[in-house]
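Derivation of every value follows stated rules applied to the coordinates shown; laboratory data play no part. The shown structure was predicted, so the numbers you read here are calculated from the model rather than taken from an experiment. Every residue, glycine as well, gets a Cβ built from its backbone with ideal geometry; the counts of neighbours run over all protein chains shown.
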Amino acid sequence: MNRRNALRKTALLASSAVAAPSLFSLLQSCKQQNRLEWTPQFLNEDQARFISSFVDTLLPRTSTPGALDVKTDIFLDLVFAKTYDTKAQEHVAAQIDKFNADCKASHGKIFADLNEEDKKAILQKAESESGKFNPSVWGTAVGKQEPVGFYRSLKSMAIWGYFSSEEIGLNHLSYDPVPGEYKGCIPLSDVGNTWSL
C-alpha cells in the first residue's frame, strides 16, 4: 500500500469516528421528532392532527406514558382505515371536520392549533353535552343504548387503544399472560392493581 492510500484511509477512519456521534444524535432526534409527521392510512392531515391533539389532551404524559407515547393516534387511524366500511369512514371524517369547524367558529382555530386551556375547555363542554354509555354486564349494555355521539365514541376508542397497548398492558397494569390457579375467595386488597385485558 502506498503512502497516499494509507493517508486517505486514515483520514476516512478519523472522519467517520468524528461523524459517528453526530449521526447517532441525528438518529436520536428523529425519534423525538414531532409525531404529527406520521403518514395516516385514512385521515387527511388536519384530521390526523385533530386525532393526535385529541388523544394527547385526553391522555397526556404524566408519571406514566401518554397516548402519543403508545401511538394511540396511529392506532385509531389504522382502525378507521382497516375496519370501517366506506360509509363509516365518511361519517368519521365528517364528524372530525365538524368538530374542527365548531372550534374555528368558537375559538378562531382548528382543535390542533388551540392552546391547552382552550382544548381542555372544549373537551369539558363536549363531555357535558354528549350522551353516556349505559352500565354493562360482561360487556353488554343494560337496557336500550341511545346514541352517545361522536365525542363519547372517539373518547371510548382512544381509552381502549391506550389500555390495549403493549406498553401499558405489560408495564403499567397487572398482567398474567397464562392464568394461574383459581383463587375464588381472596381479600380485595390482594387483587392489587387494575388488571390488563
Listed pairs K98/K132; K87/K144; K82/K183; K71/K109; K87/K155; K155/K183 exceeding 32 Å between Cα atoms
K82/K183; K155/K183
Integer Hz, Karplus 6.51/-1.76/1.60 couplings in order for segment 112-118, x for Gly and Pro
5, 8, 7, 6, 4, 5, 5
Restricting attention to segment 100-197, which chymotrypsin sites (Phe, Trp or Tyr not before Pro) occupy a DSSP loop and are surrounded by at most 10 other Cβ atoms within 10 Å?
W138, Y182
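Set the Förster distance to 30 Å, then compute FRET efficiency between S130 and L170 from the Cβ-Cβ distance, nearest 0.05. Before the final figure, lay out each step's value.
Working: r = 32 Å, r/R0 = 1.06.
The computed FRET efficiency comes out at 0.40.
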Per-residue HN-Hα couplings for segment 157-169 [Karplus 6.51, -1.76, 1.60; θ = phi - 60°; Hz; x = Gly/Pro]:
5, 5, 5, 4, x, 5, 6, 8, 5, 4, 4, 6, x
Applying the gyration tensor rule to the Cα atoms of segment 63-197 (axes a ≥ b ≥ c; rounded if a/c under 1.5, else prolate if a/b exceeds b/c, else oblate), the class is prolate
Taking amide H positions as placed 1.01 Å from N in the peptide plane, with prolines and chain starts having none, which residues 5 or more places from H172, or on another chain, fall under 5 Å of its amide H?
none
